[in-house]
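Every read-out reported here was derived from the displayed coordinates using simple, explicitly stated rules and does not represent laboratory data. Here the structure is a predicted model, which is why all the values come from computation and not from measurement. Don't worry about glycine lacking a Cβ; one is built from the backbone with ideal geometry, like all the others, and counts go over all protein chains shown.
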Amino acid sequence: MTEWIISILLLIGGTFVLVGSIGLVKMPDFFMRLHGPTKATTLGMASLLVAAMIFFSTTQEGFSVNEILITLFLLITAPVSGYMMIKSAIHHKLDSIERTKGKNNIEDDV
Amino acid sequence: MLENVILIVFAMIGVSLLLNLWRLLIGPSVPDRILALDTMYINTIALIILYGMSMGTTLYFEAALLIAMLGFVSTVAVCKYLLRGDIIE
């Protein structure tokens, strides 16, 4: 039973990581490309780490806490690094295509 | 069954690492390359954790935590350099 749960969580995580990277390659401009890795990949990593936590909690003695540390660290740092990247992109005035939304909300260089 | 699933997920993450490498090579601007490198760090953590699961040891989690911290710090440092021309003012 736990093997099924671990397998399903692993497959969900791998699919999300793959979707994030496909988005990184396929999207037309930087402001859209930022969505894939910062959202889909982080969710996939959280799912993979939950699967690893269940795996090591059932196969070995005691409750393993390391995975929760890595998950929390990734979930906290992904928005911060995404914010820094979008700030540098705005600073460099990157080109965006016509249908990118929210361009009017960009203020002048902060 | 679990061994086969781990192999499939290995293949998925390998493909996504290759896609990130492609974006890192062709990326038209510098923030694109930073984003691709940050994603490669995160996918490498996934690879290390899967390897630890297939070996059945928790030893590799320390390495994964180290890579996560170094990846975050280096991404923020490079972005800060792009923004201000200096890392610590």
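Check whether at least one residue in region B:21-33 is within 20 Å of A:L43 (Cα to Cα), assigned to a helix (DSSP H, G or I) and within 9 Å of chain A (Cβ to nearest Cβ), and report yes or no. Within region B:21-33, none of the residues are within 20 Å of A:L43 (Cα to Cα), assigned to a helix (DSSP H, G or I) and within 9 Å of chain A (Cβ to nearest Cβ). The combined condition, being touching a helix residue (DSSP H, G or I) at 6+ places or on another chain (Cβ under 7 Å) and buried (at least 19 other Cβ atoms within 10 Å of the Cβ), is not fulfilled by B:F10.
The rows are residues; the columns are (1) in contact (Cβ under 8 Å) with a residue 12 or more places away in the chain; (2) in contact with a helix residue (DSSP H, G or I) (Cβ under 6 Å, 6 or more places away or on another chain).
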site	(1), (2)
A:F30	yes, yes
A:A46	yes, yes
A:M53	yes, yes
A:S57	no, no
A:F63	no, yes
A:L72	no, no
A:A78	yes, yes
A:M84	no, yes
A:S88	no, yes
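Looking across B:T58, B:T39, one residue alone is at the interface with another protein chain (Cβ under 8 Å from one of its Cβ atoms) and in contact with a Pro (Cβ under 6 Å, 6 or more places away or on another chain). It is B:T39. Checked against the criterion of being surrounded by 21 or more Cβ atoms within 10 Å (Cβ to Cβ) and polar (S, T, N, Q), the candidates A:S7, A:S21, A:S64, A:S57 yield just one match: A:S21. Among the residues here, B:G71 qualifies as under 15 Å from the mean Cα position of the chain (by Cα) and more than 7 Å from every other protein chain (Cβ to nearest Cβ).
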